[in-house]
């Protein structure tokens, strides 16, 4: 390994350590921000925030005042930018002649974030209408921006007025559609959104309809779309008369699509997960293991990318795929063994759901934070870190090796 590349890895570790330590101290020293019960919960909450998992974070959100929510909004955006920058850096590593493109893509990613937040927050604000529970218009705007940012950055934390009924979100299929679209946009990333919506690309396709999407865009649209559709159909079938029984037909359909898509990327919890039956839980576990889209940074298989070796008929990529699969299965199996060995009394399906959710950075859980033992907290803690770091590394190196984004290395594509 070259000295230059080693120094860049050291810089990444330093940046990650500084980010983690800063958030840890913020939670530990500021009672106004969070009030965790013990030292172990501080580590768990810190990892949840840094890895954009939201596990354990949701039960603390109602205790935050407006300044705390604004601070969380800034932290989520900073963490998202950190992981995006690392992902782009790995994708471009070893391509010295293209390193000057790095800053350009980051700037465009930030612009994409701002545009998406503006559009999504505006729609959320409009859909809420004259909803009660807000102290002022400024607070309503803050909540709308926070939820939009949480969806786009795939952090999955949700904030609602304390005196607002649960149906305010769970039964509003229009709001679910907005958050779902925002989350999928954030999980698609710069390359896909640029190919789909960049004005120059749109004008070119209007002039010449024969211009096709890039290969990675096709994989994102058709691959991810097919997975989400299949998952939503299975979830709708199993939960139609169970957790979805009190919703209207259109709400049942949208809720199924919402949960199927969020299981892959964000994990925004608009429902009480404990109401979902065994079959529905297994569908969500399957979708979480399928993994997020390119830019979600979540763990799992990232299934649509796994078809690349078969398209290219590349035996080396197939071997890489098997290594990733073995790592995912072994890591989660070992984590479950540790939880059972620690005396965890939870049902196996509950432990499996929470473990896969932690590893894939989805952030769903079926217990309150103070119900977990110390051993379980640490297992889930390392699972969130392991899922985020390992999948970021494997997938980014894999995409760089298979050349899926090679056409964006040219100046005319990035400028």
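Summarised as an ellipsoid, the range 240-303 has semi-axes of 23, 12, 9 Å, derived from the eigenvalues of the Cα gyration tensor scaled by 5 and square-rooted, with the largest first. Potential lengthening of the chain between residue 65 and residue 108 amounts to 12.3 nm, from the contour at 0.36 nm per residue minus the alpha-carbon distance.
By the compact-protein rule of thumb, 2.2 N^0.38 Å, the alpha-carbon radius of gyration of the range 27-71 corresponds to a ratio of 1.05. Computed on the chain, the Cα convex hull volume stands at 152 Å³ per residue. Specify whether the C-alpha gyration tensor of the range 108-242 places it in the rounded, prolate or oblate class, a ≥ b ≥ c being the square roots of the eigenvalues: rounded for a/c under 1.5, otherwise prolate if a/b is larger than b/c and oblate if not. Oblate.
Comparing 399, 73, 206 in a Gaussian network model of the chain where C-alpha atoms under 10 Å apart are linked, the largest mean-square fluctuation is found at 206.
Relative contact order for the range 147-265: what percent, with Cα pairs under 8 Å and sequence separation of 6 or more? Could the numbers behind the result be given before it?
On the way: 92 pairs, mean separation 36.0, N = 119.
RCO, the range 147-265: 30 percent.
How would you rank 345-355, 261-271, highest first, on the average number of other Cβ atoms within 10 Å across their residues?
261-271, 345-355
Per-residue ellipticity at 222 nm computed for the chain from its helices equals -22000 deg cm²/dmol, with DSSP H segments shorter than 4 residues left out and the rest contributing -39,500 (n - 2.57). Spin-label model, residue 326 to residue 350: label points 7 Å out along the Cα-to-beta-carbon direction sit 3.5 nm apart. Of 317, 180, the sequence from fewest to most neighbouring Cβ atoms within 10 angstrom is 317, 180. Scaled against 2.2 N^0.38 Å for its residue count N, the alpha carbon radius of gyration of the range 239-385 is 1.13.
Who wins for biggest fluctuation among 312, 397, 365 in a Gaussian network model of the chain, springs between alpha carbons below 10 Å? Maximum fluctuation in the GNM of the chain, among the listed residues, is at 312.
With the simple spin-label model, which puts each label point 7 Å out from Cα in the Cβ direction, the residue 127 to residue 213 separation comes to 2.2 nm. Under a Gaussian network description of the chain, with springs only between Cα atoms under 10 Å, the residue in 228, 250, 276 that fluctuates furthest is 250.
Each value in this text was obtained by applying a stated rule to the coordinates, not by laboratory testing. Since this is a predicted model, take the numbers as computed values, not measurements. Quick reminder, even Gly has a Cβ in these numbers, built from the backbone with ideal geometry, and neighbours come from all protein chains shown.
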